[in-house]
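Everything on this sheet refers to the single structure shown next.
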Amino acid sequence: MTCTINLYSHQLWQRFDGWIFRDNVDAYITWMHASGYRTQTICRAIRTVGDYARWLIDHHHDGSDVSRKTASSFLSYRRKLGKLQNGDRSAILRFLGELLEAGIVLSPPVTDPHEQVLDSFSEYLRRKRGLQPSTIESSVYYVLPFLREIWNGTDDLRQICRQDVVNYVDRHVHDRSVRTTQSIFTRQRSFLRYLFAEGLLDEDLSSSIPAISGRRHAALPKFLTPVQLQSVLNACDRTTPAGRRDHAILLLLARLGLRAHEVSKLSLDDIDWGSGVISITGKAGTQSVLPLPCDVGAAIVDYLVNDRPSSASRQLFLRLQTPKVGFPTATGIILVATRALKRAGITGIANVRSHVFRHTLATDMVRSGATLNEIGQILRHLSHDTTRIYAKVDLPRLRLLSLPWPEAT
């Protein structure tokens, strides 16, 4: 740390004189080093943060007004001077993230009445329903426009009537696909039930949002043939670090049927090499232990020994570009799967992506004689209804149930 700071000139560090967040700059440098940033990149970032500090002190007295709002104003000011460079915005936002991690910069108070209601709804979903953050975020995303249309934000919430909800449904029932609309309406019904349960509405208006007709699991699950699956795995260039990492990820999806978010959450501590098992954190925080197949273990070891970047992160799979941290969401894993399918020339599964490997494993198990209960245990389904979709791919057994076609008379 000390030798790194000595690389910077005294003139650079003068920019932080008298700034109350001066000590956090050291933590920022430590984090960037641990994340794999080059020294040149760190120097540029510190110079940009230093300019931001001086601008704050000149325009906001003690420079304590560190927020996204002032950061945007500073970047706009820099752009007008013709001094805004690539990486300046990222440098400021990364520093704000460092302060947030330290609990220093608090989010500005929510003044929008719609967002205030949804903040309470989010807390209800987290504390009383035990939902995951991603599920809560999705609920808020779909409920916010709904609330803005049926409530002006100034009247009492009790002024919302059944006709307001019915009119909203009439306007938007055909905006999305059937499945998406079903999901959106489910979240909005949940929100209306919450308002009634909390005494914010005098009656439960959730029945004003009708169920959308659409048979669940009406289509066959999309899956890969053994030849297609092998072509996807072979499409990874295992002579490169990215190819070896992606190969290990695809094997976890294909051999164990893991969901994308389950792979993204895997940590180094989840693998018990002595026992040959791996711990999985599934939906709703459920914990499961699965055997680790030999080829999957070998691919992970190859990645860990030869390619995993040096990082303080305990996540199993890391980004290869800086910052060299774990995938924050399932999106990174989904992109790995999507690119692999595209390289192998697999088409017709645009809406399945990484989940096609899970369907493929289940389909192979069905055709190998596994029962639906066994498939449900491997895939860790919370409901037997979810597993029943795979009964439709067992064509030999389904033929036994078919009636003979009547003879022509």
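Say whether the condition of being modelled with pLDDT of 90 or more, among the hydroxyl-bearing types (Ser, Thr, Tyr) and more than 25 Å from the chain's Cα centre (by Cα) is met by at least one residue in the stretch 160-182. Scanning the stretch 160-182, I find at least one residue that is modelled with pLDDT of 90 or more, among the hydroxyl-bearing types (Ser, Thr, Tyr) and more than 25 Å from the chain's Cα centre (by Cα), so the answer is yes. Taking the stretch 170-270 as the region of interest, the helices (runs of 4 or more DSSP H) fully inside it that hold 2 or more residues being among the polar types (S, T, N, Q) are 178-197, 226-234.
Looking at the stretch 272-375, the helices (runs of 4 or more DSSP H) lying wholly inside it that each contain 2 or more residues that are surrounded by fewer than 17 Cβ atoms within 10 Å (Cβ to Cβ) and of a type outside the set (Lys, Arg) sit at 294-306, 331-343.
Any idea which residue in the stretch 133-160 is farthest from PHE121 (Cα to Cα), counting only those that are touching a residue at least 40 places away in the same chain (Cβ under 8 Å) and of a type in the set (A, V, I, L, M, F, W, C)? By that ranking, first place goes to ILE160.
The values are calculated or read from the model by the stated rules, or taken from the named source; none is laboratory data. These figures come from a predicted structure and were not determined experimentally. Every residue, glycine among them, receives a Cβ derived from its backbone with ideal geometry; neighbour counts consider all protein chains shown.
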